[in-house]
Amino acid sequence: MSSAPSTDQYDYTFDNISRVVDTLLERKGFDDYVLYVMDYGAPVGFRIATKHPERVSGLVVQNGNAYEAGLEEFWNPIKQYWESGSEKDRDALRGLLTIDATKWQYLHGVRNESVISPDNWLVVQPLLDREGNNDIQLDLFYDYRTNVELYPSWQRYFREHQPQMLITWATGDHIFPESGAHPYMDDLPNAEMHLFDTGHFALEEDGDIIAELIRDFMNRLDSVIIND
């Protein structure tokens, strides 16, 4: 298990997190892999992909943003914090770290709330409530602006390298809405996209279907790699 140092001991940025993951891949000797990216995992994965395009055989993208078109209403107070960097705007985001907000992330946009296990937020919230973790999450909210600055370079990577990509996107996601999915197809016309009528955590309702899509994608990818 990895440690979780305080913000006094470690700078919680997406650059640093991606370096940790990249170092782990290096030490494990992984030099050919498919990246499955979702939410915060997308900016981590895309940093790694643009650093090592020769190592990335494919990408599975599930509600992971790489286009400004996908930053809608939910992001307005976060963008305000990016612009001001003020304690007032930082404190205004603390409501996003409460049990009500965590529960909302799991239930908003789903077809049937009764199939979503309360274990999700009952397990996640105590982790969010660990001493010092609020500041970690608020630091990451602020640092997310650096991802937006890198969007053009990620899009250039898509256009120039044309990585194999499977997109599985939840249309009921208010955080990373469907508007962030379609621009991928402009840069990657051969990408495969599937939209699901569910919420942010699409696997909760459509995990079996998405797993089958990934399995098929991986099988076809293996065939392409072998043929090469």
With respect to F201, is the statement that it is assigned to a loop (DSSP other than H, G, I, E, B), among the aromatic types (F, W, Y) and farther than 19 Å from F46 by Cβ true? yes
Just to check your reading of the model, which residue among V224, V148, V123 is β-branched (V, I, T) and at pLDDT below 95? V224
What number of residues within region 23-58 are closer than 27 Å to F141 by Cα and of a type in the set (S, T, N, Q)? 2
If M185 meets every condition in (1) within 24 Å of R47 (Cα to Cα); (2) surrounded by 15 or more Cβ atoms within 10 Å (Cβ to Cβ); (3) without any contact (Cβ under 8 Å) to a residue 40 or more places away in the chain; (4) among the aliphatic types (A, V, I, L, M) apart from one, which number is that one? (2)
Please name all residue pairs, on different chains or six or more residues apart, with Cβ atoms under 6 Å, provided the first residue is in region 191-203 and is within 10 Å of N63 (Cα to Cα) and in contact (Cβ under 8 Å) with a residue 60 or more places away in the chain and the second residue is of a type in the set (S, T, Y) and surrounded by 16 or more Cβ atoms within 10 Å (Cβ to Cβ). F201/Y106
Identity of the residue in region 1-45, part of a loop (DSSP other than H, G, I, E, B) and among the hydrophobic types (A, V, I, L, M, F, W, C), that ends up modelled with the lowest pLDDT: M1
Being surrounded by fewer than 18 Cβ atoms within 10 Å (Cβ to Cβ), of a type in the set (A, V, I, L, M) and under 18 Å from the mean Cα position of the chain (by Cα) narrows it down to one residue among V115, V124; which is it? V124
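Yes/no per residue for (1) among the aromatic types (F, W, Y); (2) in contact with a helix residue (DSSP H, G or I) (Cβ under 6 Å, 6 or more places away or on another chain); (3) on the phi > 0 side of the Ramachandran plot; (4) not in a helix (DSSP H, G or I):
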| site | (1), (2), (3), (4) |
| --- | --- |
| K88 | no, no, no, no |
| Y106 | yes, yes, no, no |
| S114 | no, no, no, no |
| Q125 | no, yes, no, no |
| E131 | no, no, no, yes |
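The values are calculated or read from the model by the stated rules, or taken from the named source; none is laboratory data. For clarity, every value in this text was computed on a predicted model and none was experimentally measured. Please note: Cβ atoms are built from the backbone with ideal geometry, for glycine as well, and neighbour counts cover all protein chains shown.
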